[in-house]
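Okay, so here's the structure we're looking at.
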Amino acid sequence: MKVLVIGGAGYIGSHVVKEMMKAGHQVTVFDNLSSGLRENIFPENEFIYGNILIPNDLDEAFARGFDGFVHLAAFKAVGESMEHPEKYSVNNITGTLNIMNAAVKHNCLRMIFSSSAAIFGMPAYLPIDEDHPKNPMNYYGFTKLEIEEFMEWYDRIKNMRFAALRYFNAAGYDPDGQIKGLERNPQNLLPRVMETAVGMRKQLCVFGTDYETRDGTCIRDYIHVTDLARAHVMALDYIAKNDVSVKLNLGTEKGTTVKELIEAARRITGKPIPAKDDARRAGDPASLYATSKKAKELLGWEPQFSDVDTLVSTTWNVYKGLDKS
Ligand code: UD1
């Protein structure tokens with residue numbers, strides 16, 4: 001298929017592009033390089049430098065004719081979304097509606113969307129399945145949930161078929177070592193652990209050590225970015241073959257604590273990684289992990305790279321070049 005990947009120069013986007021190409025799709029990347037990186041674009045990809053807030057950029061892109069598209073062009077910092085909701089309204093909501101309208105205009109009616117575990121909010125039970133109540137606790141999560149509802153309406157009215165892929169905690173890097181672009185100013189745990197390992201940060205702050213978990217720190221479901229990327233490819237095939245839309249949780253059903261991740265990183269990197277116990281971060285649930293039974297049943301998807309050692313070692317492969325010690 002001819003596939004447009006919007007946000008394809010980003011961290012997750014570049015891994016999606018790679019897996020799409022491996023599956024034989026012809027991929028065009030659309031990105032404004034605000035957080036995406038030119039080095040993440042493969043030489044064999046057509047590249048459109050464009051902005052999702054400029055409808056004409058999208059109009060020209062979709063006019064080239066695609067069988068489907070993946071949308072990953074969003075802001076994703078939970079804390080920032082609570083300080084500057086306007087940025088998230090404009091980029092995540094208006095930007096997505098611009099994309100959907102351009103896609104419909106040019107009859108590109110298969111959409112794969114990066115949704116998030118953040119749509120669920122505080123867990124009512126674990127593991128979180130697709131039917132779990134949706135009560136986002138931050139504005140970022142709210143934007144993702146809204147977009148899931150827009151997609152349902154466009155499905156009903158315009159026959160736009162979609163897959164909403166709710167990522168739990170995306171982590172890791174391309175196991176082949178081909179994708180090496182580092183996120184600027186990362187907010188997530190594993191990149192910060194790595195920044196501490198190479199001396200870019202003096203120490204890591206552990207946000208909360210008094211949670212009701214096995215070691216007092218938060219449990220999250222870390223899922224390798226290549227496993228996520230493979231799910232995009234499978235989801236596109238699935239919605240195309242079956243002419244249906246789906247919403248799927250993507251996780252491993254296994255939780256890892258903050259301390260366990262730090263310990264694994266110390267073992268694998270051989271670095272001390274100083275860590276200091278710090279206050280809880282507002283809005284953090286103690287435990288969050290998914291069941292991906294539905295993704296397994298419908299797509300035949302199983303995580304292959306999401307064990308803690310592979311998550312850490314593939315990330316270290318990218319960061320170790322920065323080590324000054
Ligand atoms: C959040 C969202 C997730 C979203 C992701 C995007 C929720 C519940 N989850 O994940 O859906 O896709 O952001 O960025 O809204 N931690 C530290 N020290 C640090 C950084 C993190 O201790 O310096 C801890 C956090 O408190 C948390 C865990 O590490 O317990 C993971 O944090 P993070 O990587 O920021 O992801 P989430 O907040 O779980």
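Quick look at the numbers
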{"item": "Cβ-based net charge around residue 221, under 10 Å, with every Lys or Arg adding one and every Asp or Glu removing one", "result": "+1"}
{"item": "The chain - mean residue ellipticity at 222 nm from DSSP helices (-39,500 (n - 2.57) per run, n ≥ 4, rounded to 500)", "result": "-11000 deg cm²/dmol"}
{"item": "Cα→Cβ-extended label distance, 7 Å offset, between residue 243 and residue 159, nm", "result": "0.7 nm"}
{"item": "Per residue accessible area in Å² of the chain, where ligands, DNA and RNA are left out and the probe is 1.4 Å", "result": "43 Å²"}
{"item": "Inter-probe distance in nm under a simple model that places probes 7 Å from Cα toward Cβ, at residue 89 and residue 200", "result": "3.3 nm"}
{"item": "Degrees, to the nearest 10: 258-269 long Cα axis against longest axis of the chain", "result": "80 degrees"}
{"item": "Relative contact order (%) - criterion: Cα under 8 Å, at least six apart; region: segment 97-190", "result": "32 percent"}
{"item": "Nearest 10 degrees, 0 to 90: helix 95-105 Cα axis against the chain principal axis", "result": "30 degrees"}
{"item": "With every protein chain in place, the chain: carbon and sulfur % of accessible area (1.4 Å)", "result": "49 percent"}
{"item": "Gain in span if fully extended, residue 267 to residue 150, counting 0.36 nm per residue against the direct Cα distance", "result": "37.6 nm"}
{"item": "Two-site FRET efficiency, residue 322 against residue 1, from Cβ-Cβ distance with R₀ of 45 Å, rounded to 0.05", "result": "0.75"}
{"item": "Net lengthening on full extension, residue 212/residue 304 (0.36 nm per residue, minus Cα-Cα)", "result": "30.2 nm"}
{"item": "Of 140, 197, 285, farthest towards positive along the dipole that unit charges on Lys, Arg, Asp, Glu beta carbons give the chain", "result": "197"}
{"item": "For residue 129, distant residues with modelled amide H under 5 Å away", "result": "291"}
{"item": "Amide H within-cut-off set for residue 246, under 5 Å, with H built and near neighbours excluded", "result": "162, 163, 164"}
{"item": "In order through segment 4-19: 3J(HN,Hα) via Karplus (6.51 cos²θ - 1.76 cosθ + 1.60), integer Hz, x for Gly, Pro", "result": "9, 10, 8, x, x, 9, x, 4, 6, x, 5, 5, 5, 4, 4, 5"}
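The values are calculated or read from the model by the stated rules, or taken from the named source; none is laboratory data. None of these values were measured; they are calculated from a predicted model. Backbone-built Cβ (ideal geometry, glycine too); neighbour counts: all protein chains shown. Remember, those area values only see protein heavy atoms, side chains included, never the ligands or the DNA or RNA. Shrake-Rupley method; radii C 1.70, N 1.55, O 1.52, S 1.80 Å.
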